[in-house]
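Trainee: Sharing a structure with you now.
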């Protein structure tokens with residue numbers, strides 16, 4: 001009979017680790033247990049490095065939460081993880097992981113998903129949020145307009161993004177991403193249609209809150225038209 005941990009997680013193997021930018025890697029994870037997961041672009045999952053023998057060991061090691069960049073229901077998924085400028089356990093694991101490493105993952109979850117009925121879609125975030133923003137932009141219905149601002153440190157840190165030619169980019173040039181004025185300033189300068197669309201906002205907590213406040217108070221968007229996911233804070 002499977003233990004409690006095996007009823008909670010799917011066990012898999014790291015299949016590839018590929019640099020995306022100087023500050024980001026793409027991590028492939030695959031295995032039969034990953035077949036036919038229920039996933040919507042923008043959702044995340046929890047990763048536990050290694051092959052823990054039970055729930056107590058798993059809780060002691062600690063989980064890492066990552067957004068899924070892409071998923072193949074035949075049994076593989078791709079994560080994109082920022083490795084520079086962040087010193088949490090998630091970034092440390094991503095900087096050291098190798099193909100062949102064993103992992104346990106939880107099923108995908110989260111409410112930061114595409115609203116297909118929106119008249120247009122606005123994606124806003126820095127590096128950590130760019131993974132969800134890219135997955136969402138890829139899933140937006142054909143013909144639906146996409147606007148957005150993605151902040152990175154320098155132009156070298158720009159990852160390839162679905163519909164990236166339709167997005168604006170902001171650079172903070174060595175400044176902190178926490179409460180970043182670069183992202184908010186670029187959003188304030190962005191020309192949007194007069195009517196509200198639907199906004200997907202992800203990244204550092206205080207910056208996300210400022211983005212939401214701008215859309216609601218300065219642009220008059222309904223609160224329900226802004227979906228926010230704060231991944232970290234300084």
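Trainee: Out of all DSSP beta bridges in the chain, what portion is antiparallel? Express it as a percent rounded to 5.
Mentor: On the way: 30 of 50 bridges.
The antiparallel fraction comes to roughly 60 percent.
Trainee: In which sequence would 67, 233 go, from the one with the fewest C-beta neighbours within 10 Å to the one with the most?
Mentor: 233, 67
Trainee: What is the Cα radius of gyration of the stretch 121-232 over 2.2 N^0.38 Å, N being its residue count?
Mentor: Taking N as the residue count of the stretch 121-232, the ratio is 0.96.
Trainee: On a full-extension model of 0.36 nm per residue, what is the gain between residue 173 and residue 139, subtracting their alpha-carbon distance, rounded to one decimal in nm?
Mentor: Numbers: separation 34, 0.36 × 34 = 12.24 nm, distance 3.04 nm.
Computed gain between residue 173 and residue 139 is 9.2 nm.
Trainee: Arrange the following residues from fewest to most other Cβ atoms within 10 Å of their Cβ: 228, 34.
Mentor: Ranked by crowding around the Cβ, least crowded first: 228, 34.
Trainee: Please report, in whole Å, how far the alpha carbons of the stretch 115-186 spread along each principal axis, starting with the longest.
Mentor: 37, 20, 17
Trainee: If each of residue 15 and residue 96 carries a label point 7 Å out from its Cα toward its Cβ, how far apart are those two points in nm?
Mentor: Placing both labels 7 Å along Cα→Cβ, they lie 2.6 nm apart.
Trainee: Find, to one decimal place in angstroms, the Kirkwood hydrodynamic radius of the chain, where the mean of 1/r is taken over every pair of different Cα atoms and then inverted.
Mentor: 18.3 Å
Every read-out reported here was derived from the displayed coordinates using simple, explicitly stated rules and does not represent laboratory data. Quantities reported herein were computed from a predicted structural model and do not represent experimental measurements. With ideal geometry, Cβ positions are generated from the backbone for all residues, glycine too; neighbour counts draw on all protein chains shown.
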